[in-house]
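The values are calculated or read from the model by the stated rules, or taken from the named source; none is laboratory data. These numbers come from a predicted model, not from an experiment. Because the Cβ atoms are built from the backbone with ideal geometry, glycine has one as well, and the counts that use them run over all protein chains shown.
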């Protein structure tokens, strides 16, 4: 039975980058007709590399590809993949806001609808109408893309993917089932919009197969027929949800795996007792942003670390971004040191009130083409300037260098000198530069978003050490991450969130019990 | 022995930093090349005292138009209001001289600062694209200058009282060049010795990241426009003196191109994020050398000079932007 349904099979795919990084290690997956297949894993697990091989962006080092039981070569480019009925809808950057819906739908596909250089608009609009009727997309064809809600924009993108496969295949479309890869399709959407999108995808299942790339567990559980779990480039699990049932926790643990660094910190002392008598530095009261989170309330004491924990999409990173002023809340209060902060504030006004922000996403707050010392001094100008005439601050190059050298030494950053430009550093060292600048600045509160994402164990340890030292120095931390072990190492309290709501507050001990760490 | 070692310890770092300077600034190569070419093809005319003094003067004028706007270009925005500030600022000096006396020359930087403040606030708060905004500003100010001239019924807006500024205390060094030095010094100081330079580069190369690092992006954008206007105003004093204590009263687009050309030739990409006034100074020198050298070459019709310069610039801009891209990737 399975054989009849089998559509695409990719066997033993391996891919190495720069002869060092093993992105995929003998991964085998199969895609069946009319199913929603999910591929889950942490960032850097190899999901996108695998998908890029299927659509011809990368070539694998080894492996075989079968289509309907026949061996075929790997597609050399996305157009070849399109002719085989495979295409991808990328996470972002897909939509062109200032095109009309039908213009966007046919972007790059106009060739067949042009006569003597003139676009046959009637024909294009006609096809758009029939495609939308067939696929159940409801929107005004004449409106611009940016006028549509995000969920509808995504639907138009999916419709575009299906249409481009049909046009690429030509007449024989009936016997080919399109395979549409959706790369984190729900990332920018609010909770209601996500439901709408899933209804849509489910309705398209009867004629198409979907590969759904994600790390948002509840969504994956709700919509998939089968799930593959990737970790560190290897396939670690396969679940057919029509025959077996698995829990969210089980899937979560499979995705995350166990890494040795946790054991290193297993015996270390957690600072709960120390923080108890200390004053409250940050109070969050009924913080609400429609569609993302509601009624978030918690307190952070001096030198305490609070973790916002929950499945991706629960609103935890939105809360973190709001605290730093990158996202604006609709209502509620943020109180720092017994003084209310305007919830409409921007990052610079938050920083002036003592809230700093550190994200592990490389390049987000690091200036890659700058030397290390400039990246350090950008938040530490007060420490490297001299005031010879009282009113003018003059940068002292010497002080700048000494400050950067101190951080390089302390964090064991591997760099030829503080003049080295940051792009030449390893991922771990980049992150250390990012976090090191805050160590010197010592804000009252530091918001951490995925502080150790995508870096190796050794670098993680160094960063944990710095963060623990910050706590000891009285800096309060708010942590958002995907890794429960990180919470166990750093946090005194863990706030559980789900669907934008605060569920429960665990102490570190309880949290470790619940997560079986 | 130890003496030798000490010498090496001094010389080697100097050599390496000199090499880094040359490597990082392609304009230095161009300057060397141009000087060698012109001084071997037309040595008597190119290396004559008169010509060298002319080069210094033209360098002062070109760099004074370009140094200020470089700060805005670092942001990835653009400021072409310098023509307007230069022209109408001079008209103001002429208008106010009867009331303020010699002090009226200081209207120039104050006027520039105010125009910069206006540009910055409108650009940031009303989100008007900087090119259109500052071009319109130049158009308005150029019109006003011509209008002042027409209404007052004079041929030129000259203030002869400043004639003493035209005499240079140092032989062979023209006074416009000396008058340009404070502007250059302030620009270099702002770029390297205050956080302004770093912040502007940060905003130009990664605005999101700059915001996350807690930089008040809007404030620094406005500041960039203010300093741009201020430096153009201050620098315009040198141009004012160079032109015989008068301002330009008719708009010439090639003067507008001159400023931008110096910036781009120097190696500050219009996309922002890198470069700075130091590069613009080099770029201004390149521009002046090309112009001056071509003028001296036999067989080059001076009437076609602007065409050649235009074509040359187009090529240079393409090459410069490509070379810089390569440097970024490597």
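Just a few scattered comments:
- Taking the criterion of being touching a helix residue (DSSP H, G or I) at 6+ places or on another chain (Cβ under 8 Å) and under 13 Å from residue A:167 (Cβ atoms), the residues of region A:111-126 that qualify are A:112, A:113, A:123, A:124.
- Residues (in contact with a strand residue (DSSP E or B) (Cβ under 7 Å, 6 or more places away or on another chain) and farther than 22 Å from residue A:177 by Cα) located in region A:221-247: A:229, A:230, A:233, A:234, A:235, A:236, A:237, A:238, A:239, A:246
One line per residue, one yes/no per condition, for (1) surrounded by fewer than 21 Cβ atoms within 10 Å (Cβ to Cβ); (2) at pLDDT below 95:
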| residue | (1), (2) |
| --- | --- |
| B:73 | no, yes |
| B:81 | no, no |
| B:84 | no, no |
| B:89 | no, no |
| B:102 | yes, yes |
| B:127 | yes, yes |
| B:151 | yes, yes |
| B:156 | yes, yes |
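- Some residue of region B:110-123 being surrounded by 17 or more Cβ atoms within 10 Å (Cβ to Cβ) and at pLDDT below 95: no
- Some residue of region A:314-322 being over 11 Å from residue A:480 (Cβ atoms) and touching a strand residue (DSSP E or B) at 6+ places or on another chain (Cβ under 7 Å): yes
- Qualifying residue in region B:190-197 (condition: touching a helix residue (DSSP H, G or I) at 6+ places or on another chain (Cβ under 6 Å), without any contact (Cβ under 8 Å) to a residue 24 or more places away in the chain and within 12 Å of chain A (Cβ to nearest Cβ)): yes
- Considering region A:364-394, the residues that are in contact with a strand residue (DSSP E or B) (Cβ under 7 Å, 6 or more places away or on another chain) and under 20 Å from residue B:217 (Cβ atoms) include one that is nearest to the other protein chains (Cβ to nearest Cβ), namely A:365.
- Test: residue in region A:397-415 that is in contact with a strand residue (DSSP E or B) (Cβ under 6 Å, 6 or more places away or on another chain), at negative phi and at the interface with chain B (Cβ under 10 Å from one of its Cβ atoms): no
- Within region B:160-181, considering residues that are free of Cβ contacts under 8 Å to residues at least 60 places away in the same chain and part of a loop (DSSP other than H, G, I, E, B), the one farthest from residue B:234 (Cα to Cα): B:171
- Criterion (touching a helix residue (DSSP H, G or I) at 6+ places or on another chain (Cβ under 9 Å), buried (at least 20 other Cβ atoms within 10 Å of the Cβ) and over 28 Å from residue A:68 (Cα atoms)) met by exactly one of A:204, A:251, A:230, A:182: A:251
- Wholly enclosed helices (runs of 4 or more DSSP H) of region B:204-279 bearing at least 3 residues free of Cβ contacts under 8 Å to residues at least 60 places away in the same chain, more than 14 Å from chain A (Cβ to nearest Cβ) and buried (at least 22 other Cβ atoms within 10 Å of the Cβ): none
- Scanning region A:108-124 for residues being modelled with pLDDT of 80 or more and under 23 Å from residue A:82 (Cα atoms) gives a total of 2.
- Region A:304-337, subset part of a loop (DSSP other than H, G, I, E, B) and within 14 Å of chain B (Cβ to nearest Cβ), residue surrounded by the fewest Cβ atoms within 10 Å (Cβ to Cβ): A:328
- Filter result (modelled with pLDDT under 85 and farther than 30 Å from residue A:450 by Cβ) within region A:20-73: A:68, A:69
- Comparison of B:310, B:299, B:293 shows that the only residue that is outside any helix (DSSP H, G or I) and either surrounded by 11 or more Cβ atoms within 10 Å (Cβ to Cβ) or modelled with pLDDT of 80 or more (or both) is B:299.
- Of the helices (runs of 4 or more DSSP H) that lie entirely inside region A:353-440, those containing 2 or more residues that are exposed (fewer than 15 other Cβ atoms within 10 Å of the Cβ) span A:397-410.
- Residue in region A:338-359 that is within 29 Å of the chain's Cα centre (by Cα), in contact (Cβ under 8 Å) with a residue 24 or more places away in the chain and away from every other protein chain (no Cβ under 14 Å) present: yes
- Screening A:128, A:177 for residues that are in a loop (DSSP other than H, G, I, E, B) and over 30 Å from residue A:499 (Cα atoms) leaves exactly one candidate, A:177.
- The strands (runs of 3 or more DSSP E) found entirely in region A:18-103 that carry 2 or more residues being touching a residue at least 40 places away in the same chain (Cβ under 8 Å) and buried (at least 20 other Cβ atoms within 10 Å of the Cβ) are A:21-32, A:36-40, A:86-89.
- Counting only strands (runs of 3 or more DSSP E) wholly contained in region A:468-507, the ones carrying 1 or more residues that are over 22 Å from residue A:361 (Cα atoms) and over 21 Å from the mean Cα position of the chain (by Cα) occupy A:493-498, A:501-507.
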